[in-house]
Amino acid sequence: MRTSFVFSWALLVAQTYANVTSIDEELIIPNETDTAGTVFETCPIVTTSSETDSTSESLEAGSLFNDTTELDGAVNEEGEGDRVVLFENVEPIKYPFQEKLTLKPLPRNFMAASFQFQMSSNNLTVGEAESDFDAYRHYTVFPKALSPILEYTQTRQLHIRFTHGRWDAESWGQLPHRGSKSGGNGVELWAVIEASNKNEAFDNWISLANSLSGLFCSSINFIDIEKTTYPVLSFQPAKKESMPIFNSSNHLFLIRAALANEPICTENLTPFLKLLPTRGRAGISSLLDGHKVFDSNWHSLSIDVETRCEGIHCKYYMEEYIEMVFNVPSSLARADKPIPKPLQEDALMCDESKPHDSYECFPLPQRKETKFELSKLFGKKIIGSSLISEYPSKVCAVVSDAWNVLISVGDVFYSTDDNCFTVKDKELHDLHFESENTADIAEPDKAPIFVSRSLTGYGQDSGGLRVVFRNPGNETVTAVYFESLPWYMRLYLSSLKLESEVGLEIEDVIKSTFYLPAIDRERPTHLEFSLSIPANTSLALSYQFDKALLKYAEYPPDANHGFEIESAVVTVIEPTQYEMRTSTLLLSLSTPDFSMPYNVIILTSTIMGLAFGTLYNLMVKRLVTIEEADKKSSSRRGLKSRLLSFFSRIKRNGGKVDVEKKQQ
Amino acid sequence: MNLRELQVVAACLASRFGASTVFPLLQQQLDKSVEFSTPVTSYRSLQEGVFLIRNDFPLYSGGVVHHAPLLVALMSAFSSKNMVSLLYACADTMIAFQLIAMAKCFSRSPLPSWVPGALYVINPLVLLSTVSKSSVVFSNLAISTALLSALQGNSIIAAMAIAVAGYLSLYPLLLVVPMLALLQKDKLKTVFITAATLTALLLSSYKINDENWNYLFSTYGVIITFSKIIPNLGLWWYFFVELFEMFIPFFKAVFNLFVVSCIIPFSLRFHKQPFYAFILCLSWITLTKSYPTLGDGGFLLSFVPFFRPLYGYFRYSVISTLLFIHVTVLSPIFYHLWVDLGSGNSNFFYAISLVYALGLATVLVDLVWAMLRIEYDKGTPNLKLKMTPL
């Protein structure tokens, strides 16, 4: 058996070469002990497979095999002599993994990019725990990190959302994938957990949150009983009857929590890429770079895992979506000039029809024609296709006829009718966009409803919430409004008011209400309304709340910053399936003086002591006139004089003893 | 009942009902002020309870309702706003009337019987408290009914009334001790009736609350454990905000003991003046309770006219008057500075709550001192004599 293939893998080297000759083991198993490196890593990776034992092939190696170096399960079972024959005939093994990048220009020179990855696991053994030492587990493209967590916590469905930024629904239309893949600002997590009772489900939920917190380097571990809700109308799994229960005496629990405005950063993207079999080094994921993703105006990272069963065979299906919206001109400008500098005088585009001088002028509107490459937006080119997957990587552009989209493979340019391109082999790919009129874009789907929520009131002891719903369409919208508020907002549901121009009543709009009041430090307020909003109307719901005072130690270090309130979720059921979130809110509570504990304890105790002591004194003692009191005090020797006389007597006695001793 | 008394009662009803109907926004303003409303007495939480009952939501599963179940059930029977205003006005008028009736019980008093009632009517603290529709009015009514019946020797009604007061806001239950001193006979029977009434009330609450005992914590547990920390005029709130976590259970026990501490000593020391002992106990509770309002303070101050003969002995009357004025003027201002404007901090309002406690304490000490003096003088005031406790 010959050995040693070396991949020299650097961005600047256009040609990657691989000398592959033989493989011992049946399959290429993603090796978790190998450090996959960060997204930014571009240095060469050397992988060696030894002659006798090469179980640790890195996945990167697998994805770069030539079409001629074929692998099959049969390889290992056959004798060594047959190998040459099989190599020539058998197709390369393919794994259930699929990836696609969709690029869609939006109005005002924005561009939406959607990275979609789908994968599924091998068959699961029902009823066998991961911890059983003899259980044989085999991971192909499904991340090994995730599967034990799901089994240990008996999670049947898992949904994670990391979202940040504002989606401008008025001009950009519907959220990508009808909003089903993006959360509210911050981190959102919900799961369907199998358990025998609610307490067990909650325990599983907490350990799930803690495990994911470690996996994604985020503060998901801050999810606790104060933030957890059990949604009743929202977040329902699409096909409930098909959800498997491994133990028939158990039940399924839908549990959800969100961390409002939790910062999302590069360290959250890296684990996302690590879950992919390509690790961000091949295929479309090679474009993903933390600087570019988190520079965008809006981005959303999502993971959905589902358990699907056919008979006794169950599999995990996972969808990992990374969505972002960025402003093309500013991204290009940043690529050209990483450090912004003022423009040169001749580069300024002044509107000379308006008043101007050599220092100030009105700028011209942005140019309508544009021409740019994808590599300029993302800083890199697409490094080949994901070769282990069943389908080659795809890149699609959703554009109107005013746009011309080309793909360049090496130095050759191609175009297609539907602007969808297949990324092949190990070549560097780049996409070229050209347009005469950037305003002419593929018509975005109109959002079926606009919802905005705001805080009212000015004091720090009470306030109100006001939610404005606007239905721009010609059909009545049926939707569910979900809200989870922290316990220190003491909500008065009786103050619910509806304002509308057309004189609607509350009963016309709110068809049913689910309300679970908050318990201090134990449960958030959980509110769900079934709404029916008539066509072409806007209406506002408002309700009042009181703010509680927290204990001294319960305030965060920056207490005066305020408390983040998670976004409300609106799930549209009719006329289309659509999901959206309102923005998060910042609630300011009144704060005590944090430097006062000792003073307060002392002052309050003083007043209490003063009142009690004086009363006790009056009730226990006898009233006498001052003359009598004086007389008594003069007739009766005080403590001091008595002590003095006592001491002098001792002294005298001691002196006597001394004298006696001397005499002896 | 003579014409003057009738006028007082009519004025009371007219002023309460008139203020509520002419200034409907005043109610909401006052209900939001910390001086007149607390989580356990506020009208908006009562309204929330009525709303929850009408919509079949759980009433005491967390949330903001801390009123007794029967009170919520009673309020849910009233649908019109004016009816509710009338109910509060009537309850307050009853108190005024009972004050007049109490004054008649003291035949030797130099005071015309209508004066305590009239002072009650013009007492702004009580007026504003009623307009804010604080449920303090109902427990005050129960207390004054108990006191009047005990003075008249009607032990059954007194016992039942004090049980109702205890049922509505817990701490007035302690007043059963001075009330026993007030009643000449049937002491055991009174205790028994009080216990029986309270049990009946609690059991019927249990029935009305879908056979669930969870209302006990939401109503009485909240009062004892002070679990809803909202600023008020009492001594508790800032103490428990600032206290270190591990000491909190201990100090909650201490504060509760503090409420109980003076009840029996007052009743024993002044058992010869039982009415007076009753008022002392009431003011002690007002000083030390976890969720006090100015409504409690106003109610307490309306008993001061009964002690007309003691006025000469008061040592700090100027100071306590100034302290009360200080509190009523500065407390809304300081609270506004802290919570709305942010130009002051919590210590401003805390200082006011200390001053209020000090004001009540000086009144209490003055009353005790004056009674001890008049005891010494055996009923004939000799103001020239200088005395000291020894």
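The values are calculated or read from the model by the stated rules, or taken from the named source; none is laboratory data. This structure is a prediction, so every number in the text was calculated from the model and none was measured. Ideal geometry is used to build each Cβ from the backbone, glycine not excepted, and the neighbour counts take in all protein chains shown.
Remarks
- Note on the stretch A:321-341: residues that are closer than 14 Å to residue A:175 by Cα and free of Cβ contacts under 8 Å to residues at least 24 places away in the same chain amount to 0.
- Within the stretch B:355-390, tally of residues that are surrounded by 13 or more Cβ atoms within 10 Å (Cβ to Cβ), in a loop (DSSP other than H, G, I, E, B) and at pLDDT 80 or above: 1
- Residues that are under 23 Å from residue B:65 (Cα atoms), in a helix (DSSP H, G or I) and within 9 Å of chain A (Cβ to nearest Cβ), drawn from the stretch B:221-277: B:236, B:237, B:238, B:240, B:241
- Positions within the stretch B:25-35 being charged (D, E, K, R) and at the interface with chain A (Cβ under 10 Å from one of its Cβ atoms), in sequence order: B:32
- When the helices (runs of 4 or more DSSP H) confined to the stretch B:147-219 are screened for residues that are in contact with a Ser or Thr (Cβ under 7 Å, 6 or more places away or on another chain), those reaching at least 3 such residues are found at B:155-169, B:176-182.
- Residue B:309 being more than 13 Å from chain A (Cβ to nearest Cβ) and within 26 Å of residue B:376 (Cα to Cα): yes
- For the stretch A:516-548, the set of residues classified as of a type in the set (Ser, Thr, Tyr) and within 20 Å of residue A:469 (Cα to Cα) consists of A:530, A:532, A:537, A:538, A:542, A:543, listed by residue number.
- Looking across the stretch A:589-602, just one residue is more than 9 Å from chain B (Cβ to nearest Cβ), under 41 Å from the mean Cα position of the chain (by Cα) and surrounded by fewer than 17 Cβ atoms within 10 Å (Cβ to Cβ), and that is A:595.
- Yes/no for residue B:167 being farther than 22 Å from residue B:264 by Cα, touching a residue at least 60 places away in the same chain (Cβ under 8 Å) and of a type in the set (Phe, Trp, Tyr): no
- Condition met for residue A:400 (out of contact with any Phe, Trp or Tyr (no Cβ under 7 Å at 6 or more places or on another chain), of a type in the set (S, T, N, Q) and part of a strand (DSSP E or B)): no
- The set of residues from the stretch A:208-238 being surrounded by fewer than 18 Cβ atoms within 10 Å (Cβ to Cβ) and under 26 Å from residue A:178 (Cβ atoms) comprises A:230, A:232, A:233, A:236, A:237, A:238.
- If you check B:100, B:143 for being within 19 Å of the chain's Cα centre (by Cα) and at pLDDT 95 or above, only one passes: B:143.
- Set side by side, the residues A:540, A:611, A:553 differ, and just one is at the interface with another protein chain (Cβ under 7 Å from one of its Cβ atoms), farther than 30 Å from residue B:316 by Cα and not in a loop (DSSP other than H, G, I, E, B), which is A:553.
- Residue, surrounded by the fewest Cβ atoms within 10 Å (Cβ to Cβ), within the stretch A:432-470, restricted to residues that are basic (Lys, Arg) and over 16 Å from residue A:584 (Cα atoms): A:446
- Residue under evaluation residue A:583, criteria (1) over 21 Å from the mean Cα position of the chain (by Cα); (2) surrounded by fewer than 19 Cβ atoms within 10 Å (Cβ to Cβ), criterion not met: (1)
- Residue identified as over 16 Å from the mean Cα position of the chain (by Cα) and of a type outside the set (Ser, Thr, Tyr) among B:363, B:368: B:368
- Unmet requirement for residue B:342, which otherwise passes all of (1) within 12 Å of chain A (Cβ to nearest Cβ); (2) closer than 20 Å to residue B:294 by Cβ: (2)
- Looking across the stretch B:36-76, the residues that are more than 10 Å from chain A (Cβ to nearest Cβ) and more than 25 Å from the chain's Cα centre (by Cα) come down to B:53, B:56.
- Residue A:578 vs. criteria more than 13 Å from chain B (Cβ to nearest Cβ) and either of a type in the set (D, E, K, R) or more than 23 Å from residue B:244 (Cβ to Cβ) (or both): yes
- Entry remark, the stretch A:483-513: residues being out of contact with any His (no Cβ under 7 Å at 6 or more places or on another chain), over 21 Å from residue A:448 (Cβ atoms), within 14 Å of chain B (Cβ to nearest Cβ) and not β-branched (Val, Ile, Thr) number 14 in total.
- Residue within the stretch B:76-92 that is surrounded by fewer than 20 Cβ atoms within 10 Å (Cβ to Cβ), under 20 Å from residue B:202 (Cα atoms) and among the hydroxyl-bearing types (Ser, Thr, Tyr) present: yes
- Test: residue B:310 is surrounded by fewer than 22 Cβ atoms within 10 Å (Cβ to Cβ), assigned to a helix (DSSP H, G or I) and free of Cβ contacts under 8 Å to residues at least 12 places away in the same chain: no
- Subset of the stretch B:278-288 [within 12 Å of chain A (Cβ to nearest Cβ) and aromatic (Phe, Trp, Tyr)]: B:284
- A Cβ distance below 6 Å, combined with a sequence gap of six or more or placement on separate chains, defines the contacts here; from the stretch B:235-246, residues that are closer than 16 Å to residue B:224 by Cα reach residues that are assigned to a helix (DSSP H, G or I) and of a type in the set (S, T, N, Q) in the pairs B:235/A:604; B:239/A:604.
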